[in-house]
């Protein structure tokens, strides 16, 4: 084997023991000499598996004997099945505690072991690398059947709904819609949209409905691979998949990726080019993971003014997205002070991993005199190695390490010392207390 691969026998031995990684040359030699598909040898799940494992071991339970990064990498490389079993057990434990806190003690035990639908949807999308090729192809087919200019897309969707499905589309006053933004009435064959929805969101809702009308088989085929225990979880996932289709139709993969590269991922220009909202364009950027034609992998996180996560999608190893991101050092939260302004920031997690994040507010499509401030905050981010591909990185002074903001998952799990923003004692480490000195916070001196 060494002779065929033109390497030493000792090197083959180290490859067999996972002491060396496969180089491109050796990978090609294996493929040529043994007829092996290189895709069978190279897995892209290692990075996300390692990120999940690292996030799990941050739990205070492991604080006395936490494995280091090398040990975690070795576990992923040598015993990936064992790692997956461990993570499944850990997630079950974590979701049980979460549900117990939410529901109290008056519910049946089987209710307590169910993960929240949002958690299951996030994990399901991430397991699929946030990309669904069947929905992409279905969106491309619709575009071929209904050729249109970008500024005619809403008319095109209305025409298809009327001609092919005999549905009428009407915009109703907020008072007539009650607490609904869209009502899809199959029996009356009508679609009612609230006037609270702007042009972009009305168009998006029409494309969303077409997915349910024309591509139920694709939705069910994808859902067969999902592992949801509740009907509500299944329905929520179907809604998110229909949203995926709508985004794929409004922002066709090839055209959107080409424009993203041309503009260096200028989100405002992408939104303007495809007549979509900033939020829709941001979320679409997380799905550009087609084999052979990938974009920069992004994570997407949306929070309200209280710091609650209301939506999250992830094509990176950014583990903070799974835990809330309630760190005041991250300008995701301060973006509420500057509505509509994109705030770039380089952040560093406690393990040293760095990301470029872009934070900005967005408006909810809801009208209420009682709640006139309808803003949410969005953060879009990528690993630091991709940062210079992003136009917003031009505003960052890369020569100064001081421009890196050191953030944490939250105060309870953050091991950092001397943080002026600390709001709680950390569970995983002990801070010093000196009666003769006053530090920047009451937790450390």
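The values are calculated or read from the model by the stated rules, or taken from the named source; none is laboratory data. This structure is a prediction, so every number in the text was calculated from the model and none was measured. For neighbour counting, all protein chains shown are included, and Cβ atoms are generated from backbone atoms with ideal geometry for every residue, glycine included.
Key figures for this structure:
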item	result
Residue in the stretch 60-74 that is modelled with pLDDT of 85 or more, out of contact with any strand residue (DSSP E or B) (no Cβ under 8 Å at 6 or more places or on another chain), under 29 Å from residue 244 (Cβ atoms) and assigned to a helix (DSSP H, G or I) present	no
Set 122, 94: member being outside any loop (DSSP other than H, G, I, E, B), closer than 27 Å to residue 293 by Cα, modelled with pLDDT under 85 and under 26 Å from the mean Cα position of the chain (by Cα)	122
Test: residue 154 is at pLDDT 95 or above, on the phi < 0 side of the Ramachandran plot and surrounded by fewer than 16 Cβ atoms within 10 Å (Cβ to Cβ)	no
Residue within the stretch 408-428 that is assigned by TED's automatic domain parsing to the domain that holds residue 347 and farther than 27 Å from residue 54 by Cα present	no
Identity of the residue in the stretch 129-142, more than 13 Å from residue 211 (Cα to Cα) and crowded, with 17+ Cβ neighbours inside 10 Å, that ends up modelled with the lowest pLDDT	129
Matching option when the condition is buried (at least 17 other Cβ atoms within 10 Å of the Cβ) and modelled with pLDDT of 85 or more, among 342, 409	342
Failed condition for residue 402, given (1) at pLDDT below 80; (2) part of a loop (DSSP other than H, G, I, E, B); (3) more than 30 Å from residue 194 (Cβ to Cβ)	(2)
Subset of the stretch 414-428 (residues that are in contact with a helix residue (DSSP H, G or I) (Cβ under 7 Å, 6 or more places away or on another chain) and crowded, with 17+ Cβ neighbours inside 10 Å)	422, 426, 428
Subset of the stretch 225-279 [on the phi > 0 side of the Ramachandran plot and without any contact (Cβ under 8 Å) to a residue 40 or more places away in the chain]	none
Lone unmet requirement of (1) touching a residue at least 40 places away in the same chain (Cβ under 8 Å); (2) over 22 Å from the mean Cα position of the chain (by Cα) for residue 392	(2)
